[in-house]
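The next block holds one structure in the form of structure tokens; read it before the comments.
The values are calculated or read from the model by the stated rules, or taken from the named source; none is laboratory data. All figures in this text were calculated on a predicted structure; none of them were measured in a lab. Because the Cβ atoms are built from the backbone with ideal geometry, glycine has one as well, and the counts that use them run over all protein chains shown. Protein only, heavy atoms only, side chains kept; ligands, DNA and RNA dropped before computing areas. Shrake-Rupley method; radii C 1.70, N 1.55, O 1.52, S 1.80 Å.
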Amino acid sequence: MATRAPDNLAATPPPAPVRSRPRAQRRHLAHRLDVKASPYAYVAPFFLLFCAFGLFPLAYTAWVSLHEWTLLSDVHEFVGLDNFTALLGDDYFWNATFNTLSIGVISTVPQLLLAIWLAHLLNRPLRSQTLFRVTLLLPNVTSVVAVVVIFSQLFGRDYGLINWVLSWFGAGAIDWNAGTATSHIAISVMIMWRWTGYNALLFLAAMQAVPRELYEAATIDGAGGLTQLRKITVPMIRPTIVFVVITSTIGAMQVIAEPLLFGVYSPTGGPDRQYQTLSLFIYENFVKLDFGYASAVSWMMFLFIVVIAAVNYLLTRRTRGNLT
């Protein structure tokens, strides 16, 4: 016999559902938060280190450059832009600027051309490719002190190998340390020897990404190796060329070890300052404990690097049409 439910139970409405955020929606929000926040978390250590060891020293150097700051006195007088005013009238500063630009041009331009040519050769099918690539990197990992000592002997006036070879062509003994042009050439050769292979590997890595079909089609059309390099390779690796030009320019503006150790250890860059660079000029003033003046030179060199790197970037971008 069926029983009838009480009227009060039958009239009771069903319980309202508990309002809670669906699990799928929570997962979606967590995923969006992870996608947006994770990149910042990954790069945060770099920016923390950059602020501690890059941005703070840069700002502190700017503050020091506005003072008469020496270790011989506990009082650092605020002098404003006096250090920069004195710097613009300093013949030694402009001499170091000229030497830096001269060495930079002589070492960078042939270095980049030779690096592209070497990378083009290594981009072809060769036996023992790995051996050749490792060999290119060896000069870069060699101690700069050892490199300068060896090249100083090679460029020796009386018993140097370079002068011995030049004597075959009737040239006399060249005193590479004494002259401005000769010392710049010798230092530039050291820089080229160290960095040509490294830049060649950068160019080679970019060339590996160029489609092989382009070279095959050019070969069928009768294009030679130099034509393929000029018409295909160089336009395709243009972003890498821009990067290498800028980094090489920055490195050339900061050269210090080669001129410091060339011939004799001298922060003046020779008796007549014939190869003193901006970095050496900064080091000379730090040795004199004139930190305010040295900081002003550092900031001027920083501005030079920014301007020259920007000019190189604009010139390289504007030659995009000419490269093709």
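Values computed for the structure shown
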item: J(HN,Hα) series, region 84-100, from Karplus relation 6.51 cos²θ - 1.76 cosθ + 1.60, nearest Hz, glycine and proline x; result: 6, 5, 5, 5, 5, x, 8, 5, 5, 5, 5, 5, 5, 5, 4, 4, 5
item: Simple label model, 7 Å out from Cα along Cβ direction - Val35 to Leu126, nm; result: 4.6 nm
item: Region 35-185 - Rg over Rh from alpha carbon coordinates, Kirkwood radius; result: 1.12
item: Hull volume in cubic angstrom per residue (convex hull over the Cα atoms of the chain); result: 355 Å³
item: Packing-based ranking, highest mean first, of 48-59, 196-207, 169-180, 247-258 given that Cβ atoms within 10 Å are counted; result: 196-207, 247-258, 169-180, 48-59
item: The chain - percent relative contact order, Cα under 8 Å, separation 6 or more; result: 25 percent
item: Added length on full extension, which subtracts the Cα-Cα distance from 0.36 nm per residue, Asp158 to Val141; result: 3.1 nm
item: Length released on extending from Leu226 to Ala205, taking residue separation times 0.36 nm less the Cα-Cα span; result: 5.7 nm
item: GNM top mover of Arg157, Arg127, Arg27 - the chain, alpha-carbon springs below 10 Å; result: Arg27
item: Segment Ile150-Thr61, length gained on full extension (0.36 nm per residue, minus Cα span); result: 28.5 nm
item: Relative contact order [Cα under 8 Å, 6+ residues apart], region 157-287, whole percent; result: 23 percent
item: Ellipticity estimate at 222 nm from DSSP helix runs (n ≥ 4, -39,500 (n - 2.57)) divided over the chain, nearest 500; result: -21000 deg cm²/dmol
item: Gyration tensor over alpha-carbon atoms, region 101-158, equivalent ellipsoid semi-axes in Å; result: 26, 17, 10
item: Euclidean distance between Cα centres, region 87-163 to region 202-216, Å; result: 26 Å
item: Debye log10 I(q)/I(0) for region 197-264, one point scatterer per Cα, at q = 0.18, 0.21, 0.24 Å⁻¹; result: -0.75, -0.89, -1.04
item: Along each principal axis, Cα extent of region 204-324, largest first, Å; result: 66, 30, 22
item: Thr240, Thr100, ranked by accessible area, largest first (probe 1.4 Å); result: Thr240, Thr100
item: Choice from Ala209, Ala62, Ala96 with maximal GNM fluctuation in the chain (Cα, 10 Å cutoff); result: Ala209
